[in-house]
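Here the structure comes first, spelled out in structure tokens, and everything after it is commentary.
The values are calculated or read from the model by the stated rules, or taken from the named source; none is laboratory data. Note that the structure is predicted; figures quoted are calculated from it, not measured. For neighbour counting, all protein chains shown are included, and Cβ atoms are generated from backbone atoms with ideal geometry for every residue, glycine included. Side chains are part of the model used for accessible areas, which takes the heavy atoms of the whole protein and leaves out ligands, DNA and RNA. Shrake-Rupley method; radii C 1.70, N 1.55, O 1.52, S 1.80 Å.
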Amino acid sequence: MNKPQPDTAPAPGVMEVISPGIRRILAPNPSPMTYWGTNTFVLGEGDVAVVDPGPHIPAHMQAILAGLAPGEQVAQILVTHAHLDHSPLARALSQATGAPIYGFGPAEAGQSEVMKALAAQGLTAGGEGVDHDFRPDLELSDGERFVIGSVEIEALHTPGHMANHLSFALGDVVLTGDLVMGWASTLISPPDGDLTAFLASCERLKARSDRLFLPAHGAPITDPAARLDWLIAHRRSREAAILEALGSGEADIATLARQIYTDTPAALLPAAERNIFAHLIDLTGRNLTRALPQLSVDAKFIRL
């Protein structure tokens, strides 16, 4: 099961302190994909950085600006990744404040060759929707450090949920975007989602031994190590189920989804199929399965 989260969502549009130097203001976009909505974070004091302004909701931009202390100004806008519930408001906020937008790159930045090939076949992502118009003013590299006010921030390239996904570390507190959340396992929908990259990013964060994770949806995660362990174990368990199902012979993605997701309503099976495909891409890359005739969403797969 997923780690329990508080039952009561924070009120949208209200700026509140989460940790020293970190404030949160919730966007009014709750949904099955976003939980309470998008957590917009404000870092520092005086000159501040706004992280993940969210979807293009003008009222949310006004709430961000109204929630700042007298004399404060937005100096930087940071975007974890180019999904429609995270990045579209960045441009309007930049135009209103003059602050530059920081990100890893456009939506396709950081894609593996395997994912590029699948995209070239015409595979499109599902789920939250991609902000294909996103273009940061300044592209951040992995490990790059910068200062906003009195706060030093380190950009961590953490692909998996999306290729251009960044996390932002402030000491032992990490804003994890959609990579690590407490209310649900992470959506990984190829070609934008990449399970191989996701597991590598989780292992990278495990090696840091951070104190607190602040995801872009849901409540803070106060035991990051335990949550990372759960996410990795969950994926390994799903992998084992796929390999076991393929022990009976070749199968396509839809067949595997019906065999493995036995309690899933029919309406959610397309999402389950995307999850299965993400695993099969990873398993094929590790030479544990083979795609027939070639890797695609329509292929059949055999266990090696």
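Remarks
- Computed from backbone phi, the HN-Hα couplings of the range 184-190 come to 7, 6, 6, 5, 10, 10, x Hz, rounded to whole numbers (Karplus: 6.51 cos²θ - 1.76 cosθ + 1.60, θ = phi - 60°; Gly and Pro given as x).
- Interchain or long-range residues, amide H under 5 Å from Glu144's placed H: Ala155
- When peptides 67-77, 268-278 are sorted by average Cβ neighbour count within 10 Å, with the highest value leading, the order is 268-278, 67-77.
- Percent accessible area from carbon and sulfur atoms, the range 112-204, protein chains only, probe 1.4 Å: 50 percent
- Antiparallel bridge percentage (DSSP; both residues within the range 18-98; nearest 5): 65 percent
- The amide H of Thr38, built 1.01 Å from its N in the peptide plane, has Ala27, Asn29 as neighbours under 5 Å, considering only residues 5 or more places off or on other chains.
- FRET efficiency, 1/(1 + (r/R0)^6) with R0 41 Å, evaluated for Ser185 and Ala92 via beta carbons: 0.80
- Within the chain, DSSP assigns beta bridges of which about 70% are antiparallel (rounded to the nearest 5).
- Mean Cβ neighbour count within 10 Å, used as a protection proxy, ranking 195-205, 154-164 highest first: 154-164, 195-205
- A simple spin-label model places pseudo-atoms 7 Å from Cα toward Cβ; at Leu288 and Ala200 they are separated by 1.7 nm.
- Here the accessible area of the range 240-304 is 51 percent carbon and sulfur, with a 1.4 angstrom probe and all protein chains present.
- Taking the DSSP beta bridges with both ends in the range 50-186, the antiparallel portion is around 65 percent.
- Summary of packing: across the peptides 184-193, 285-294, the per-residue average of other C-beta atoms within 10 Å ranks them, highest first, as 184-193, 285-294.
- Between helix 58-67 and the chain: long-axis angle, C-alpha atoms, 0 to 90°, nearest 10: 50 degrees
- Applying both filters, DSSP loop and at most 16 other Cβ atoms within 10 Å, to the GluC sites (Glu not before Pro) of the range 112-151 gives Glu144.
- Efficiency of FRET from Cβ geometry, Ala233 and Leu268, R₀ 22 Å, rounded to 0.05: 0.50
- What the chain shows is 41 Å² of accessible area per residue, with the surface traced by a 1.4 Å probe over protein heavy atoms.
- The range 225-304 and the range 105-168 have Cα centres separated by 25 Å.
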